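The values are calculated or read from the model by the stated rules, or taken from the named source; none is laboratory data. Treat the numbers as computed from the prediction; the structure is a model and nothing was measured. Don't worry about glycine lacking a Cβ; one is built from the backbone with ideal geometry, like all the others, and counts go over all protein chains shown. Accessible surface is based on the protein model in full, side chains and every heavy atom, while ligands, DNA and RNA are left aside. Shrake-Rupley method; radii C 1.70, N 1.55, O 1.52, S 1.80 Å.
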Amino acid sequence: YLAGLLAPRDRPKTLTALAGAEPLVQAQTAPVQQLQFFLSESGWDADAVTARTLQLLGGDPLTASDPDGVLVVDDTGDRKDGCATEHVARQYLGSVGKIDNGIVAVTTLWANEQRYYPLHVAPYTPESRLPEGKKDPAFHSKPQLAMTLIERALAAGIAFKAIVADCFYGDHRELVATLRRRHLPFVLSHRGSVGRGWTPEDVAHSFHEALEEVRPRDWHKVTRHFRDGHTERWWATELTFLNYGPDKPVRAICATTDRQTLPELSTWYLTTNLPREAASLEEVVRLYGLRHWVEQGYKQMKDELGWADFMVRSDQAIRRHWQLVCCAFAFCWWQEARQARQHVPADSPARKKKSASAWPDAMSLAASVTVRAGVADTAELAHALLASLVPQAPTHRIRHAHPLPY
């Protein structure tokens, strides 16, 4: 199954494609049916596979999580026809930007400037599929699922400096309250017009209103570094409104490319419970900038690894497919780290410091591999896939930013 996911993609990675069979005419052949049984009926533990995957990643200095990285919480949706498949219903799908028939997964991903890989995934079941709707005991909102996945990351020993999420999660009061109560560090995005609590009318109620009181000298230059070597000048400022402030338990920050016009696509409204001595304005912007890797991860898992190509209907089979896609993605980084180590002298600074500075050589190696039709060597498949994955990632510690405005 994993070899099929890692193979070059020339058609959707359905069960027939993974088995190397022709669609329709060979759908009932033994290899296809064996994979169907493996995914839907057999008794293996997918959570154990995920745990072992993270254990292997964590045991290697080139792939292990570190305290400078972030734990990204997000969700992704994909179109699916009908209603026989578990979790499928009409709901908002971020991949198409509208309400449509499909399936949604809540995910966590670990990222720093050098690497990024998925951790855990859980399907979201809309209230329309449950007998009692949102009152049904089986209903769990996306933020509730996100908190469960955060707990799993903590239990797996994932190191990070902050939990990072977009405004869907940042504006969810219950989730933010839980993070604060648990003393879990976060950098969360918000809609600029959102205000909370009851305060006098002459006091700012939102990011937008607080920005009206900011003086030009309150803005600070923030330099963002991109992988291709160019930099961008951003501006950032601390805001004070409601219960937010630079010296309060939760800080409010605005970061933008233009402090005069505050362009919608390149202006971030952030909150963090990291104190100023632990995270400067530039550091907060860096941490939130790492959220981009979850979008890049979705792109690679969907375009290369067949995330949404499954043709199974049960909850267990869908979860297994997603976890195996995550496993295949992680395998690429793990295999490449092993290969990189073979090309770095044992007495080199990269080895001694256990850093990721060997990645440039690893990328060159990956880019030089050409996959032949029908190749069965999973190590070679991993190198070939990384030829498309790795060039998207920085190769040394920089303050990451995405070349497109976010």
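What the Cβ-Cβ distance of residue 212 and residue 30 gives, at R0 = 56 Å and to the nearest 0.05, is a FRET efficiency of 0.20. Probing with 1.4 Å while keeping every protein chain in the model, the per residue accessible area of the stretch 87-184 equals 42 Å².
Taking 0.36 nm per residue of sequence separation and subtracting the Cα-Cα distance, how much length would be gained by fully extending the chain between residue 276 and residue 40, in nm to one decimal? Please list the in-between numbers first.
Numbers: separation 236, 0.36 × 236 = 84.96 nm, distance 5.01 nm.
My answer for the length gained is 80.0 nm.
Here the stretch 1-119 has an Rg and Dmax of 17.6, 51 Å, counting Cα atoms alone. Using θ = phi - 60° and the Karplus curve 6.51 cos²θ - 1.76 cosθ + 1.60, what whole-Hz ³J(HN,Hα) does each residue of the stretch 234-246 get, with Gly and Pro shown as x? Karplus-based 3J(HN,Hα) across the stretch 234-246 equals 10, 10, 9, 8, 7, 10, 10, 6, 6, 9, 9, x, x Hz. Placing a pseudo-label 7 Å from each Cα along the Cα-to-Cβ vector at residue 266 and residue 220 gives an inter-label distance of 2.1 nm.
Remark on residue 250: its backbone amide H falls under 5 Å from those of 245, a criterion applied only to residues 5 or more positions apart or on other chains, H modelled at 1.01 Å from N.
Ranking 276, 341 from most to least accessible surface, computed with a 1.4 Å probe over the protein chains only, gives 276, 341. Rounded to a whole number, what is D in µm²/s for the stretch 85-176 from Stokes-Einstein with the Kirkwood radius over alpha-carbon pairs (20 °C, 1.002 mPa s)? Approximately 146 µm²/s, per Stokes-Einstein. Computed from the C-beta positions of residue 248 and residue 134 and an R0 of 35 Å, the FRET efficiency is 0.55 to the nearest 0.05.
Would you mind telling me the share, in percent, of accessible area of the stretch 34-109 contributed by carbon and sulfur at probe 1.4 angstrom?
Its accessible area is 52 percent carbon and sulfur atoms.
Here the Karplus curve 6.51 cos²θ - 1.76 cosθ + 1.60, taken at θ = phi - 60°, turns the phi angles of the stretch 121-138 into couplings of 9, 9, x, 9, 9, x, 4, 5, 8, 10, x, 9, x, 5, 7, 5, x, 7 Hz, with x standing for Gly and Pro.
Excluding same-chain neighbours fewer than eight residues apart, the aspartates and glutamates reachable from residue 302 by a Cα-Cα span under 16 Å are 10, 74, 75, 78.
Mind jotting down the distance between the C-alpha centroids of the stretch 17-73 and the stretch 141-190, whole Å? So the separation of the two Cα centres works out to 25 Å.
Ordered by 1.4 Å accessible area with all protein chains kept, 38, 160, 186 run largest first as 38, 160, 186. The heavy atoms of residue 209 offer some 80 square angstrom of accessible surface to a 1.4 angstrom probe. Between amide H atoms placed 1.01 Å from N, distances below 5 Å from residue 162 occur with 71, all of them 5 or more places distant or on a separate chain. Heavy-atom accessible surface of the stretch 205-338, averaged per residue, reaches 42 Å², computed with a 1.4 Å probe. Ranking of 2, 290 by solvent-accessible surface, largest first: 2, 290 (1.4 Å probe, protein heavy atoms only, all chains present).
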